Amino acid sequence: MNSDPPTITSESEQVVESQPVRNDNSPQYWQMAFKGTPTAIFVPPYIRFLQGQVALRKAKNFLEVSRTVAASGFPPLSDVLQSLDGSPESRQAQVSFETLFSAALFVNLISEVEHFFVSCAATAIRLYPGKVGSETFRLSDVLASSSTDELVERAADRALQALMYEKPADYLSGLCEIVSIDKKHLLDIWPNFVEMKARRDLGVHNNWVANEIYLRKLKEISFATPPSIGLRLIPDFAYLEASIKTCDHLVGQMANLMAKKWLPLPGDVASTAEGKQKSSSSESNSAG
C-alpha cells in the first residue's frame, strides 16, 4: 500500500494540505485517533506495550540462538560471545554477558509495564478530572495558568506522583479506581509483579543484592518464601521468561477489563437497544 499522503491539486495547481500519514503501528497515531474518547485510555498504551514485548523477545531469542549456534561449533560466533563474557561490564557484574543482558531486558520490561499503568491513569484523569478528587491550588497558580486544562494537568501529575509511592496494595487499588476496573480480577497475579518490581529496584539501586527494603516489600504482599538478606538476585533467562509471561498476563488482563468497561460488546449494544425498544414500547402503551 502506498504510504505517501495524497495531494490534491486544482486546475490552478493550488495544493490542498493533506492529512497526516496514517501509520497503524504507531501508538501516537492511535492516541490522536481516539483522542477525547475512553478508548484512548488503554488502546495506545497497550499497543506500545505489545510492540515492546515483540522487540524484547526478539532480542532475547537472538542471544539464545547465538549461544546454540556457537555451541554447535561455529568458531567466529563462539569467539564473539566469549569476548562479551570478558567485557568490562560482565567482569564488573561478575556474571556472564548472557545474564547481564537478561537483567537489562528485565529492567526494561518492568519499566514498560509501569509506563502502561501511568499512561492509562493519566489519560483517564484528563478525560474525567473528577477522579483526582479535591485538589487545592494557590491563587497565584490559578492566575498564572493559561486554562483550566493546565490546572487539570497539574492535578493529574500530582495524583500520579502520589500513586507511585503508595504501598503495593494501595497502588493497585488506586490504579484500578482511576481506570474504573475491579481489582479482584488482578489479585492473583499482582504479588508476582510486586516481587518483580522490587527486584528491579534492587538491580537499579543495590546491585541485585537482597536488602531489608526488598524484604519489606515482599512482606507487604505476604510473599511465601522470601530470600535471605545478602543473596544476589540478578535475573537469569529462566526468570526473565517467567517475568515476560507474568507481565503479558497482567497487562493483558487489565486491557481486557478496560475494554469491557469502555467498549460495549456487540451483544451488550444489542441488549441495550432491545431494552430501550421495550421501554419505548411500554411508554407508548402507557400513553395510549
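Side notes on the structure shown:
- Ordered by the number of other Cβ atoms lying within 10 Å of each residue's own Cβ, fewest first, VAL204, VAL209 fall into the sequence VAL204, VAL209.
- Net charge over other residues, Cβ less than 15 angstrom from the Cβ of THR225 (K, R count +1; D, E count -1): +2
- The range 22-258: proportion of alpha-carbon pairs further apart than 32 angstrom, %: 33 percent
- FRET efficiency, LYS245 to VAL80 (Cβ-Cβ, R0 25 Å, nearest 0.05): 0.25
- Cut-off under 5 Å, modelled amide H: who pairs with VAL209 long-range: LEU233
- Residues TRP190, TRP208, sorted so that the one with the fewest Cβ neighbours within 10 Å comes first: TRP190, TRP208
- Look at SER173, SER66, SER222, SER119 and count the other Cβ atoms within 10 Å of each Cβ; fewest to most, that gives SER222, SER173, SER66, SER119.
- Stretchable slack from SER180 to VAL209, in nm (0.36 nm times residue separation minus alpha-carbon distance): 6.7 nm
- Greater than 28 Å apart at Cα, pairs in LYS131/LYS184; LYS131/LYS245; LYS219/LYS245; LYS183/LYS217; LYS217/LYS245: LYS131/LYS245
Bear in mind these aren't lab numbers, they're just calculated from the coordinates by the rules spelled out. The model shown is predicted, which means the values in this text are computed figures rather than measured ones. Glycine gets a Cβ as well: all are built from the backbone with ideal geometry, and neighbour counts include every protein chain shown.
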